[in-house]
């Protein structure tokens with residue numbers, strides 16, 4: 001934990017490390033790297049559920065879904081290009097069997113209650129009908145385009161963003177080899193006024209980017225090429241960024 005008021009060390013921002021938690025050797029390598037990087041490992045919090053870093057559902061290879069993942073939670077926004085406020089999850093038979101042995105499962109995440117209601121095409125609480133219809137429409141579009149074609153499109157738009165980052169003289173916040181294919185976190189190594197950049201982009205071109213969160217607000221900004229973004233829309237965004245940067 002960081003002492004309040006102490007300078008923020010770059011290492012306290014964390015680092016990504018892709019690890020297959022089903023592979024003991026891979027987990028051991030992750031722990032060794034953590035100890036090497038930080039000197040020790042005080043605790044570990046397992047939030048595993050989806051292998052890979054920054055891989056939204058539409059870009060995820062189908063074979064990865066069949067690796068015995070018991071419970072997977074996600075949201076409907078961003079890569080699915082839907083409004084926020086709707087959660088999706090999948091549960092394996094193994095997880096259902098485990099839930100049957102839990103006497104006090106709660107309500108909101110009682111998988112057995114969801115399964116019971118699903119058999120009657122219902123949900124335990126009032127469903128968000130608008131989200132359900134929007135999701136159906138979006139899934140139709142995704143499968144019409146094809147998962148491979150969608151993934152290829154995101155790879156092309158991502159290449160445009162990464163080329164722009166290098167050309168504009170910025171660095172990537174993530175380590176080499178760990179950048180997302182659909183969302184790029186740009187390190188503000190040029191020392192520009194990121195909040196002003198975001199404001200100018202919004203006021204001059206009616207486009208919105210994220211100027212960073214929490215302790216790294218202003219030290220980074222994020223550029224998305226996920227969801228329905230195309231080479232045309234991403235190129236337009238990058239041209240507008242050039243205009244605002246002068």
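For this structure, a couple of remarks:
- Test: residue 228 is surrounded by fewer than 17 Cβ atoms within 10 Å (Cβ to Cβ), at pLDDT 90 or above and part of a helix (DSSP H, G or I): no
- Meets criteria (more than 17 Å from the chain's Cα centre (by Cα) and either not in a loop (DSSP other than H, G, I, E, B) or not assigned by TED's automatic domain parsing to the domain that holds residue 157 (or both)) for residue 241: yes
- Within region 217-233, being touching a strand residue (DSSP E or B) at 6+ places or on another chain (Cβ under 8 Å) and touching a residue at least 40 places away in the same chain (Cβ under 8 Å) holds for 220, 223, 224, 225, 226.
- Only one of the listed residues (142, 132, 102) is loosely packed, with under 15 Cβ neighbours inside 10 Å and either within 27 Å of residue 228 (Cα to Cα) or assigned by TED's automatic domain parsing to the domain that holds residue 237 (or both). That residue is 132.
- When each of 201, 207, 160, 197 is tested for being modelled with pLDDT of 95 or more, closer than 20 Å to residue 236 by Cα, assigned to a loop (DSSP other than H, G, I, E, B) and touching a helix residue (DSSP H, G or I) at 6+ places or on another chain (Cβ under 9 Å), the lone residue that passes is 207.
- Residues of region 201-216 classified as surrounded by 12 or more Cβ atoms within 10 Å (Cβ to Cβ) and touching a residue at least 12 places away in the same chain (Cβ under 8 Å), total: 8
The values are calculated or read from the model by the stated rules, or taken from the named source; none is laboratory data. Just so it is clear, the structure is predicted and the values come from calculations on it, not from any experiment. Cβ coordinates were reconstructed from backbone atoms using ideal geometry, including for glycine residues, and neighbour counts include every protein chain displayed.
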